[in-house]
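Encoded as structure tokens, the structure appears first; notes follow it.
The values are calculated or read from the model by the stated rules, or taken from the named source; none is laboratory data. These figures come from a predicted structure and were not determined experimentally. No Cβ is skipped: glycine too gets one built from the backbone with ideal geometry, and neighbour counts run over all protein chains shown.
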Amino acid sequence: MIDKIKDIFNNFFNKFMRKKKDMKIGLYGPPNGGKTTLANRICKDWIGEDMGSVSNVAHETREIQIKEQINIKSKGKELTFNLIDTPGIATKIDYEEFIKAGMKEKEAKKRAKEATKGVIDSIKWLDDMDIVIVVLDSTIDPYSQVNITIIGNLQARKIPVLIAANKIDLKKSKIKKVEAAFPQYPVIGISAKYGKSMDGFYDKLFEVA
């Protein structure tokens, strides 16, 4: 009974403190899942501008990007937060990947070094997050070492999580597989590129917050 009272108090305290400071919502996930595309969609929907550039080259986002004071509304509710777009998480970054993408060796090695730093920074920033949106490509098998590493880090920190199963506009999209992989968290299927199911995404975000 005492433990239950402590949990209720801690939950109330955490929510109270979250409202008092600038809430931080982080976008996490493997490379090319659509984090920056989703960041741009959220920013366009609510402040009318992009957050960053999108590329098909893995690890194109190599530094933390922040858009402050985004205010969203849904069904009479309101939420204000700073949105943080993080570099794609990877367990291994090989400069040869960038050579395959058309870069010269010197530039490829430089890019790999920057991407590695970006991954380290992403993990460090987890401790500052109030909510994390994990953005996954729903056409790819979710049972990957990278995804399990990300989810494991979030569970260890007890951070509220919403999983965005992105790219539902593609025929290979399998939301049910994402739901089965991570049943402990809410999953919403979206197409950040075309804005599909974004109303449902915002509704889910309010539930997590």
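What the table below lists for this structure:
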read-out: Failed condition for residue 116, given (1) at pLDDT 80 or above; (2) of a type outside the set (Gly, Ala, Ser); (3) in a helix (DSSP H, G or I); value: (1)
read-out: Cβ pairs under 7 Å, 6+ apart, first in segment 70-90 and closer than 15 Å to residue 26 by Cα, second of a type in the set (Val, Ile, Thr) and part of a loop (DSSP other than H, G, I, E, B); value: 84/64; 85/61; 86/64; 87/61; 88/61
read-out: Qualifying residues in segment 138-197 (those that are aromatic (Phe, Trp, Tyr) and more than 16 Å from the chain's Cα centre (by Cα)) - the one modelled with the highest pLDDT; value: 194
read-out: Number of positions in segment 159-208 that are aliphatic (A, V, I, L, M), part of a loop (DSSP other than H, G, I, E, B) and touching an Asp or Glu at 6+ places or on another chain (Cβ under 8 Å); value: 1
read-out: Flag for residue 68 being modelled with pLDDT of 65 or more and over 15 Å from the mean Cα position of the chain (by Cα); value: yes
read-out: Residue satisfying all of: in segment 163-203; within 18 Å of residue 148 (Cβ to Cβ) and basic (Lys, Arg); surrounded by the fewest Cβ atoms within 10 Å (Cβ to Cβ) among these; value: 177
read-out: Filtered residue count, segment 126-147, keeping only those that are touching a Phe, Trp or Tyr at 6+ places or on another chain (Cβ under 9 Å) and in a helix (DSSP H, G or I); value: 2
read-out: Flag for residue 91 being at pLDDT 60 or above, exposed (fewer than 14 other Cβ atoms within 10 Å of the Cβ) and of a type in the set (Val, Ile, Thr); value: yes
read-out: Answer residue from segment 11-65, given it is among the aromatic types (Phe, Trp, Tyr) and either modelled with pLDDT of 80 or more or under 21 Å from residue 126 (Cβ atoms) (or both) and is surrounded by the most Cβ atoms within 10 Å (Cβ to Cβ) among those; value: 28
read-out: Some residue of segment 136-150 being over 20 Å from residue 90 (Cβ atoms) and either buried (at least 21 other Cβ atoms within 10 Å of the Cβ) or free of Cβ contacts under 8 Å to residues at least 24 places away in the same chain (or both); value: no
